[in-house]
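Okay, structure first, notes after.
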Amino acid sequence: MRMAECGAIILAAGLSRRMGARNKLLIEMNGRPMIRRVVRAAVDVCDGPVTVVTGHQRADIESALAGLPVFCVHNPAFETGQKSSVVCGLKATAEAEATLMMLGDQPLLSPKHLIWLLSQHRAQTPRKITVPVNGAVRGNPLVIPRALKSLLLANPRDPGCRSFTRAHLEHVHRVETADPAFFLDIDTAEDLTGFQRQQELSK
């Protein structure tokens, strides 16, 4: 069987504390929960498995994804922070030549953005982690090549993408873009209001 060219890990386990009483991933945008919008984009692009890491309000997140061809894996340590969810996803997902590491709260991401990022990844020697950047600002998602996946888990005291990509610049491929889809995420009620206002103005 040919190995899949692309899979995805979507982080959807966070406590959403800065949004207050609401789980930001379940907020409806154009009639669909935000997490479903993001996961749908990955499903439309990936020929390999799409893994969603759950934690806070696990049942509600899984319900929001009903009918999509995804694999949900629960992170029992989700309250310790995002790093544990990254590790959980990396350990659970099946192998693919490239894996998108995505956040569940980037509602502007669409299949065209993911296709563009993957094309930039494949245009370089695809043995580096591709990171979208706008100057000094780093965005998401990242594209992780199969050859480096095990290295992200090699340091048990500090596993994951963030520390590794900052400490090993030789393994990082920076892709310049000003597209807000790669940099906008929704953390607070103010973020949500601003996003909704921009969406209305763009209609």
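The values are calculated or read from the model by the stated rules, or taken from the named source; none is laboratory data. What you see is a predicted model, and the numbers here were worked out from it, not measured in a lab. Positions of Cβ are generated from backbone atoms using ideal geometry, with glycine treated the same way; all protein chains shown enter the neighbour counts. Heavy atoms of the whole protein, side chains included, go into the accessibility calculation; ligands, DNA and RNA do not. Shrake-Rupley method; radii C 1.70, N 1.55, O 1.52, S 1.80 Å.
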Is there a residue being among the charged types (D, E, K, R), closer than 17 Å to residue 143 by Cβ and open to solvent by 10 Å² or more (accessible area, probe 1.4 Å) anywhere in region 71-81? no
Within region 99-146, can you find the residues that are among the hydrophobic types (A, V, I, L, M, F, W, C) and either touching a Lys or Arg at 6+ places or on another chain (Cβ under 7 Å) or not in a strand (DSSP E or B) (or both)? 108, 109, 114, 115, 116, 117, 118, 123, 131, 133, 136
Go through the residues of region 3-18 one by one and say whether even a single one is outside any loop (DSSP other than H, G, I, E, B), open to solvent by 50 Å² or more (accessible area, probe 1.4 Å), under 20 Å from residue 86 (Cβ atoms) and modelled with pLDDT under 95. yes
Is it the case that residue 170 is modelled with pLDDT under 85, exposed (fewer than 14 other Cβ atoms within 10 Å of the Cβ) and of a type outside the set (Ser, Thr, Tyr)? no
Identify the residue in region 19-54 that is of a type outside the set (A, V, I, L, M, F, W, C) and in contact with a strand residue (DSSP E or B) (Cβ under 7 Å, 6 or more places away or on another chain) and, among all such residues, is most open to solvent (accessible area, probe 1.4 Å). 47
Quick one: residue 152 ticks every box in (1) in a helix (DSSP H, G or I); (2) touching a residue at least 12 places away in the same chain (Cβ under 8 Å); (3) closer than 18 Å to residue 41 by Cβ; (4) open to solvent by less than 70 Å² (accessible area, probe 1.4 Å) bar one, so which box is it? (3)
Cβ-Cβ under 6 Å, sequence separation 6+ or interchain: first residue in region 161-176 and within 12 Å of residue 138 (Cα to Cα), partner open to solvent by 40 Å² or more (accessible area, probe 1.4 Å) and of a type in the set (S, T, N, Q). Which pairs? 175/120
Against the definition (open to solvent by 20 Å² or more (accessible area, probe 1.4 Å), among the β-branched types (Val, Ile, Thr) and either modelled with pLDDT of 95 or more or in contact with a Leu (Cβ under 8 Å, 6 or more places away or on another chain) (or both)), how does residue 87 come out, yes or no? yes
